[in-house]
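Student: Dumping the structure here so I can ask a few things about it.
A short reminder: the numbers here are calculations on the coordinates, not readings from a lab. What you see is a predicted model; the values in this text were computed from it and never measured. We place every Cβ from the backbone using ideal geometry, glycine too, and count neighbours over all the protein chains shown.
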Amino acid sequence: MPATSSVNPLRQGLRQERMPEPCIMVICGATGDLTLRKLGPAIYNLALGGHLPPEFTVVGFARRPMSSEKFHAHLRAGIDQFSRNRPVSESVWSAFTAGIEYQQGNLDDPEAYAALAKRLDRIDRDRGTAGNRLFYLAVQPSLTPEVVSHLGTAGLAGSSRRTSGRQGWTRVVVEKPFGFDRESAITLNRQIREVFAEEQIYRIDHYLGKETVQNLAVFRFGNGLFEPIWNRRYIDSVQITVAETVGVEGRGEFYDQTGALRDIVQNHVLQLLAVFAMEPPVEFSANDLRDEKLKVLRAVRPMSAEDIAHNTVRGQYTSGWVAGEEVPAYRAEPEVAPDSETETYVALKLGIDSWRWAGVPFFIRTGKALPARVTEIAVQFRRAPLALFGRAGAPDIDPNVLAIRVQPDEGILIRFGAKVPGPGLNIRGVNMDFRYGSSFAVDSPDAYETLLLDCMVGDSSLFTRDDELVRAWEILDPIVETWRSGDGGPLQFYAAGSWGPPAADELLTRDGREWRRP
Amino acid sequence: MTLETLEPTTSTYLEMRDTTVRAVEAELARLWTAATTRIDRGDGTLVTEKGVPHARTSVLNLIATVSGEPASQHVLEVLLSLGSRHPSRAIVLQADPIAPGAALDARIQTHCHEGENGAARTCYEQLALTVRGEAARHLAGIVAPLVIHDLPTDVWWPGDPPFHDPIFDQLVEMADRVVVNSADFGDLLGGLKHLGVIRRRSGVGDIEWERLAPWQELTAQFFDAPRFRRYLPNLSRLRIKYAIGDTPAGGTRSPEAGALLYAGWIATRLAWRRARSREGNANGGMGMILEGRYEMVDIGIEPVATNDVPPGELLSVRLRAFGEAGSAEFIIDRPATEATIVTNADGMTALLRRIPLEAESEAEVLRRQLVLDQRDPLYEDALRAAAILLAAAQEAAA
């Protein structure tokens, strides 16, 4: 094997084949909750697993005055509480903190970005990070355009020999929400694109970093068994459930302006739908994957006001009990309007007008204050063509189900009928159950670990492209508008701790189907 | 959670003296049903709690062959610490064709670990078989009915495998993957050559090779940085030191195996070709001259007597190159439990960092090997190169 300057031949074939280049990760808004709960633990676990180069450096950038040592303590508190690997390895932590700094600055102050730029140049020289920079915008969504603009003005956004003569790459990670409708998403995209090129932008949806979601592509395209039946001929319907037990958890003000449709369906659910339903990509590359996902979103059947009234249900929880604890009504939550019409529950029936999926209904539901925390995609197959075993008066065998559990307890389950041992022909459903936790001797990384590492190595496969984003809003904007106009039917209420309003059940029962109880 | 701290929450134990494969097979089949599970608490038999059968979890069949009861006990302990992280049906075989007594004794143990954070309980089983007399020459026939069908089967052969014994071939034939420890080979060159011709679906695993993983990672990290990568084609010297016990009888049988595999790895990745042997040093070291891309490469492998790390562990690696700005050196020193990583390049000496680098437990290394389910071309290349280097060194010494 020839040794070249562009590839490290000693890296090839090693377990850590995807080692990022030395780089600096700048967390804008570093003192917030996201850093504490997710980013700090994710970076620590990447370091613990040996996935980061020794030169890797983190710079916390935020308004609050703080020394680097205090910032270490802030990160450490989050890792101690939220890391999947605890207790913290002191030796790894010690080496890890050598590459963590804090830069105080108001995110609306151009001077702060100039000072940040100087610091990053100094780190490049001192730690050999070669001008590679990853900006993670852990800021309130309303601040994103301003932060991006300041990064550009300070010369921090270039990739960027053309703008500053600096070597190396620059990438930016943007958290959801990506706008609140099609127009605002286009505006946000435009604002970011004025500073960063599309290939520099990583719109993160942590659902796509989950092992089961990634495994979905392997499950479909890596096995000869499933892809042939992944179509309208064999599949009766698909249910996607994203159920939360929690209420709005102190996010009342944000949530009351957002609602379940925008908060969950626009990103998580439609991305799950797209990965589930897409055609095999030509290559397993970022743009090919995203092209295929986009095709699915484009094929989602537009709904008229009448369709929306017929095929959507919006609900809001009233007081009730979840997991043994009393939950107040949504309208009684802090910072929520007492007459709020915001939906905390959504059920939808969508159609995909493609050769593969024509006629297969996709039932979607998501809600807060539901009895269980679960995210899954459940495929219900068509019944056997002949009720061979039902002639003796026994009920029909339940149709086969394939459930892809995204969280918790990630895995895949297939349910089929089997004869109960003994005399007679009693048939009952049994499960074949694959669980990540008990089938592999390695822990699944947290989604943020996967996505951060992807970002550092420049793999945008699991990130949302601008056209996917706009198309997702095009699907949902008419629903929001119709609901707002009152033509979509009244807001339904459900008791906290129940599986949603009765109207959601009727959405399926009128078709002779019913929701799974995951 | 470390492997060493794991304790099973529930264990069952069943001893079967002078038994048959059919009886063992039947007992294994009944094992996970509530009515017949027996828990040895000294008071007879019990069903599982609440009468609910435990769900067995298995990701592979693991067959380990040992000689003698102490070795059997050691292997069972290693497997126990592996259990909840790598649940398998483990079959530990102790075969003695010339021993008197019953042809087959069996001991069946089950272990269950509570899952963390509400995860499901993990249960698995260990089967220790003692085979005597003529039956010991037909191990494959004994083991075949006892493996779980449609699961991968790994054969782990701790110690010095009897490469020329038909029993070895019988068991290898059953395996998807064979795991050995080349540092335990009595005849290292013969063993490396033999490993090189074993063809199994998932290849060969080597505990000693797995122990090199952090060294390979640290070495590769030097050259991830583009400014150092340009030195790679100009490497001209490689020095490797490895540990041997400081008493003559101490240590593994072939402690040089890891150093040779490391040299083989570098040589194959950088396409060094064999040129000639040179004499090693007086301490039992080895020396070779290879042809690099632009430079001749002088390789030296040297043993160091120490008890600070287990025999066979690497102690230091030093790579030297000539570049446009003079010579450069890349150094990893690990005298005990901490490694120091230093570069001396571009006219500057830089202490890159100190990191903990403790010798890993056998269970941890084995666990990583068992995760692999495919051939490792990197190892296969390094293995061939190590055999060539060792043959050359032995030739020079002779």
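Student: Within a 10 angstrom radius of the beta carbon, how do B:GLU358, B:GLU364, B:GLU210 rank from fewest other beta carbons to most? The partial results should precede the final answer.
Tutor: Values: B:GLU358 14, B:GLU364 18, B:GLU210 22.
With the fewest neighbours first, B:GLU358, B:GLU364, B:GLU210 line up as B:GLU358, B:GLU364, B:GLU210.
Student: While we're on this one: So if R0 is 51 Å, what FRET efficiency would B:ASN344 and B:ASP187 give, r being the distance between their Cβ atoms, rounded to the nearest 0.05?
Tutor: For R0 = 51 Å, the calculated efficiency reads 0.85.
Student: Roughly how many whole Å is it from the C-alpha centroid of the range A:190-207 to that of the range A:10-40?
Tutor: 18
Student: With +1 on each Lys and Arg Cβ and -1 on each Asp and Glu Cβ, and nothing else charged, work out how big the dipole of the protein assembly as shown is about its Cα centre, in Debye to the nearest 20.
Tutor: Rounded to the nearest 20 debye, it is 1400 debye.
Student: Explain nothing, just the number: relative contact order of chain A, from Cα pairs under 8 Å at least 6 residues apart, as a whole percent. Don't skip to the end; give the middle numbers.
Tutor: Working: 933 pairs, mean separation 84.2, N = 518.
Relative contact order for chain A comes out at 16 percent.
Student: Under a Cβ-Cβ cut-off of 12 Å, what is the net charge of the residues other than A:VAL322 that fall near it, where Lys and Arg count +1 and Asp and Glu count -1?
Tutor: Working: positive: A:LYS368, A:ARG373; negative: A:GLU244, A:GLU325, A:GLU326.
Residues close to A:VAL322 contribute a combined charge of -1.
Student: Moving on to the next point. Given a cut-off of under 8 Å on Cα pairs at least six residues apart, what relative contact order in percent is computed for the range A:1-153? Provide the component values of the computation, followed by the final result.
Tutor: Details: 204 pairs, mean separation 50.3, N = 153.
For the range A:1-153, the relative contact order is 33 percent.
Student: Divide by every residue of chain A the summed helix terms, -39500 (n - 2.57) for each DSSP H run of at least 4, and state the resulting mean residue ellipticity at 222 nm, rounded to the nearest 500 deg cm²/dmol.
Tutor: On the way: 16 runs with 168 residues, N = 518.
Calculated from helices alone, the mean residue ellipticity at 222 nm is -9500 deg cm²/dmol.
Student: Something else now. Distances over 40 Å make up what percent of all Cα-Cα pairs in chain A?
Tutor: For chain A, the share of Cα pairs beyond 40 Å comes to 28 percent.
Student: What does the charge count near A:SER354 come to, summing +1 for each Lys or Arg and -1 for each Asp or Glu among other residues with Cβ under 12 Å from its Cβ? Could the numbers behind the result be given before it?
Tutor: Values: positive: A:ARG232, A:LYS295, A:ARG298, A:ARG301, A:ARG356; negative: A:GLU279, A:GLU292, A:ASP353.
Summing Lys and Arg as +1 and Asp and Glu as -1 gives +2.
Student: Give the relative contact order (percent, whole number) for the range A:117-239; include only Cα pairs under 8 Å separated by 6+ residues. Present the calculation step by step, with values, prior to reporting the outcome.
Tutor: Details: 117 pairs, mean separation 26.5, N = 123.
Result for the range A:117-239 is 22 percent.
Student: May I ask for the net charge around B:GLU360, where only other residues with Cβ less than 9 Å from the Cβ of B:GLU360 are counted and Lys, Arg are +1 while Asp, Glu are -1? Mind showing how you got there, number by number?
Tutor: Working: positive: B:ARG211, B:ARG368; negative: B:GLU210, B:GLU358, B:GLU362, B:GLU364.
Value of the local net charge: -2.
Student: I'd like the antiparallel share, as a percent to the nearest 5, of DSSP beta bridges with both residues in the protein assembly as shown.
Tutor: On the way: 99 of 167 bridges.
Around 60 percent antiparallel, to the nearest 5.
Student: Another question, if that's okay. Would you mind computing, in nm to one decimal, how far apart the modelled labels at A:GLU325 and A:ASP33 are, each placed 7 Å from Cα along Cα→Cβ?
Tutor: 1.4
Student: Could I ask something else about it? If you place +1 on the Cβ of every Lys and Arg and -1 on the Cβ of every Asp and Glu, how big does the dipole about the Cα centre of chain A come out, in debye to the nearest 20? Before the final figure, lay out the partial values.
Tutor: Working: 59 positive and 67 negative charges, 260 e Å.
Magnitude of the dipole: close to 1260 debye.
Student: Select from A:LEU156, A:ASN223, A:SER91 the residue farthest towards the positive end of the dipole of the protein assembly as shown; place +1 on Cβ of Lys and Arg, -1 on Cβ of Asp and Glu, and compute about the Cα centre.
Tutor: In the protein assembly as shown, that residue is A:ASN223.
Student: Further, regarding this structure: Can you give the longest stretch of chain A with no exposed loop site, where a site means GluC sites (Glu not before Pro) in a DSSP loop (not H, G, I, E or B) with at most 13 other C-beta atoms within 10 Å?
Tutor: Details: sites that count: A:GLU17, A:GLU194, A:GLU249, A:GLU283, A:GLU335, A:GLU514.
Answer - A:336-513.
Student: Using the Cα centre of the protein assembly as shown as origin and beta-carbon charges of +1 (Lys, Arg) and -1 (Asp, Glu), tell me which of A:VAL480, B:GLY312, A:VAL360 is placed farthest towards the positive end of the dipole.
Tutor: Final value for the positive-end residue is A:VAL360.
Student: Need the full-extension length gain, A:ASP467 to A:LYS118, defined as separation in residues times 0.36 nm minus the C-alpha distance. One decimal, nm. Write down the numbers at each step before the final one.
Tutor: Values: separation 349, 0.36 × 349 = 125.64 nm, distance 3.51 nm.
Taking A:ASP467 through A:LYS118 to full extension adds about 122.1 nm, to one decimal.
Student: Sticking with this one: Ignore the peptide's own chain and count Cβ atoms of other chains within 10 Å of each Cβ in B:222-232; give me the average, rounded.
Tutor: Working: counts 3, 6, 11, 9, 8, 3, 2, 9, 3, 1, 7.
Taking the mean over all residues of the peptide, I get 6.
Student: Using a Förster radius of 35 Å, what is the FRET efficiency between A:ALA197 and B:ILE198 based on their Cβ-Cβ separation? Nearest 0.05, please. Don't jump to the answer; show the numbers that get you there.
Tutor: Details: r = 51 Å, r/R0 = 1.46.
So, using R0 = 35 Å, E works out to roughly 0.10.
Student: Quick check: the distance between the Cα centres of the range A:74-115 and the range B:159-186, to the nearest angstrom?
Tutor: Result: 49 Å between the Cα centres.
Student: In whole Hz, with x marking every Gly and Pro, tabulate ³J(HN,Hα) for the range B:377-385 from phi via Karplus 6.51 cos²θ - 1.76 cosθ + 1.60, θ = phi - 60°.
Tutor: x, 4, 5, 4, 5, 5, 4, 4, 5
Student: Let me know the whole percent of all Cα-Cα pairs from the range A:318-377 that are separated by more than 15 Å. Mind showing how you got there, number by number?
Tutor: Working: 1141 of 1770 pairs.
The calculated P(r) of the range A:318-377 puts 64 percent of pairs beyond 15 Å.
Student: With the dipole of the range A:24-175 worked out from charges on the C-beta (+1 for Lys and Arg, -1 for Asp and Glu) around the Cα centre, which of A:TRP169, A:ILE27, A:GLY105 lies farthest toward the positive end?
Tutor: My answer, from the dipole projection, is A:TRP169.
Student: Are there chymotrypsin sites (Phe, Trp or Tyr not before Pro) in the range B:290-334 that DSSP marks as loop and that have at most 14 other Cβ atoms within 10 Å, and which are they? Provide the component values of the computation, followed by the final result.
Tutor: Working: sites: B:TYR294, B:PHE322, B:PHE330; in loops: B:TYR294.
Passing both the DSSP loop test and the Cβ count: B:TYR294.
Student: Multiply the residue gap between B:SER361 and B:ARG375 by 0.36 nm, knock off their C-alpha separation, and tell me the result in nm, one decimal place.
Tutor: Details: separation 14, 0.36 × 14 = 5.04 nm, distance 2.32 nm.
Full extension of this stretch gives 2.7 nm more.
Student: Tell me the label-point distance for the pair B:GLU329, A:GLU481, using the 7 Å Cα-to-Cβ offset, in nm and rounded to one decimal.
Tutor: Taking the simple label geometry, B:GLU329 and A:GLU481 are separated by 7.4 nm.
Student: Using alpha carbons only, what's the Rg to Rh ratio of the protein assembly as shown with Rh from Kirkwood? Write out the running numbers ahead of the final one.
Tutor: Numbers: Rg = 30.9 Å, Rh = 31.1 Å.
With Rg and the Kirkwood Rh in hand, the quotient comes to 0.99.
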